[in-house]
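None of the figures in this text is laboratory data; all of them are computed from the coordinates on show. If you're wondering where the values come from, they're calculated on a predicted model, not measured in any experiment. In this analysis, Cβ positions are derived from the backbone assuming ideal geometry, glycine residues included, and neighbour counts consider all displayed protein chains.
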Amino acid sequence: MIKKKIPAKLPNHIGIILDGNGRWATRQGLPRNFGHREGVNAIVRTVEAARKFGIKRLSVFAFSTENWKRSDEEVEGIFDLLKEFFVKELDRMVKNEVKINFFGDLSRFKGELREILDKTVRATENNDAIVVNICLNYGGKQDIVQAVNKLIAEGKKEITEEDISNNLYSKGQPDLDFVIRTSGEQRISNFMIYQLAYAELYFPKILWPDFDEKALCEALIEYSKRKRRFGGY
Ligand code: FPP
């Protein structure tokens, strides 16, 4: 039913700043990590809906370089969810041709979690139904700095915009067309700031754990109404 309403003009690459997990849990008198668990279910629903609608690329802000400021309990809860998710869902991702990349400084993830992340990338690298980039220990400023440092290490004296693009975590991928941040907050919070330079921004009030196929459909309808001018007329 919903598929009928999907507009013809779709974004190639959607960025998602998932926000509102904590509020969702607090409103129901539950600990914050219950909100993150429901947030993971919303990611699964969204990837499935996006794939069905023909979206080829999603980038999801799962854990920022600033999220370490949260309590140890909350951070460990998020990492436990990541481990559980990638172990449980790997076969389904392979079967559904979902390719997973991780953007961010993964050197802070050690042991079992790191092994699971690396295994996920290896096991899904040849898939091509939809690419899902998961930003973990990611910051947009840090992404640009690491790109510039790679160029310095190569001995570059002068750099172009293309040089930077080619050394970001997203190298080889198109820039973002559309960024969705849930929960009504209207901020970018250091998410892929170089790649979203010309993206359309959308701030629905829905909390991330409630996001679903219908909410994605509404977002795509909103995108289809935007006139992208890239600085021209
Ligand atoms: C934002 O809501 C949520 C986060 C910063 C963490 C979300 C991480 C996950 C759901 C784990 C990712 C898992 C996979 C499989 C990629 P918030 O806590 O900032 O909500 P609030 O603003 O209401 O407090």
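If you average the sequence gap of Cα pairs under 8 Å that are 6 or more apart and divide by the length of the chain, what percent do you get for the contact order? Intermediate values should be presented prior to the final figure.
Numbers: 363 pairs, mean separation 70.9, N = 233.
The normalised contact order for the chain reaches 30 percent.
Output needed for the range 16-143: three equivalent-ellipsoid semi-axes, defined as square roots of 5 times the C-alpha gyration tensor eigenvalues, in descending order, whole Å.
Values: eigenvalues 105, 63, 40 Å².
Ellipsoid semi-axes (Å, largest first): 23, 18, 14.
Tell me which residues come under 5 Å, amide H to amide H, from Ile134 once H is placed; ignore anything under 5 positions away on its chain.
Amide H neighbours of Ile134, under 5 Å, 5+ apart: Val60, Asn101, Phe102, Phe103.
What do you get for Rg/Rh over the range 147-229 if you use C-alpha atoms and the Kirkwood form of Rh? Present the calculation step by step, with values, prior to reporting the outcome.
Numbers: Rg = 16.4 Å, Rh = 14.9 Å.
Looking at the range 147-229, the ratio lands at 1.10.
Counting pairs of alpha carbon atoms under 8 Å apart in space and at least six apart in sequence, what relative contact order in percent does the range 1-65 give? Mind dumping the intermediate values first?
On the way: 51 pairs, mean separation 30.0, N = 65.
Rounded, it is 46 percent for the range 1-65.
Residues of the range 169-185 with backbone nitrogen within less than 19 Å of a virtual label 7 Å along the Cα-to-Cβ line of Arg228, please, listed as ranges.
Answer for the range 169-185: 170-181.
If every alpha-carbon in the range 73-209 counts as one equal scatterer, what log10 I(q)/I(0) does Debye give at q = 0.12, 0.17, 0.18 1/Å?
Each listed q corresponds, in turn, to -0.59, -1.15, -1.25.
Could you tell me the relative contact order of the range 1-116? Use alpha-carbon pairs under 8 Å, at least six residues apart, and round to a whole percent. Please report the intermediate quantities before stating the final value.
On the way: 70 pairs, mean separation 30.3, N = 116.
Relative contact order comes out at 26 percent.
Stokes-Einstein D for the range 72-144 at 37 °C, 0.692 mPa s, Kirkwood Rh over Cα pairs, in µm²/s?
Numbers: Rh = 12.9 Å.
Translational diffusion coefficient: 254 µm²/s.
What does the charge count near Arg70 come to, summing +1 for each Lys or Arg and -1 for each Asp or Glu among other residues with Cβ under 15 Å from its Cβ?
Details: positive: Arg23, Arg32, Lys69, Arg108; negative: Asp19, Glu66, Asp72, Glu73, Glu74, Glu76, Asp80.
Counting the neighbours of Arg70, the net charge comes to -3.
Over 31 Å, how big is the tail of the calculated P(r) for the chain, in percent of all Cα pairs? Intermediate values should be presented prior to the final figure.
Values: 5561 of 27028 pairs.
Percentage above 31 Å: 21.
Give the long-range amide H neighbours of His13: residues separated by 5 or more places, or on another chain, with amide H under 5 Å away, using H modelled in the peptide plane at 1.01 Å from N.
Close amide H contacts, sequence-distant or interchain: Asp177, Phe178.
For the range 31-75, restrict the atom set to alpha-carbon positions and state the Rg and Dmax in Å.
Just the Cα atoms of the range 31-75 yield Rg and Dmax of 13.3, 38 Å.
How large is the Kirkwood hydrodynamic radius of the range 1-73, counting all unique pairs of alpha carbons, in Å? Kindly include the intermediate steps, with their values, before the conclusion.
On the way: mean 1/r = 0.0703 Å⁻¹.
The answer is 14.2 Å.
Just to confirm a number: summing +1 for Lys and Arg and -1 for Asp and Glu over residues other than Arg187 whose beta-carbon lies under 14 angstrom from that of Arg187, what do you get?
Working: positive: Arg181; negative: Asp19, Glu66, Glu185.
Charge balance near Arg187 sits at -2.
Could you give the size of the charge dipole of the chain about its Cα centre, using +1 on the Cβ of each K and R and -1 on the Cβ of each D and E, expressed in debye and rounded to the nearest 20? Spell out each step's value before the answer.
Details: 39 positive and 34 negative charges, 170 e Å.
In total the dipole reaches around 820 debye.
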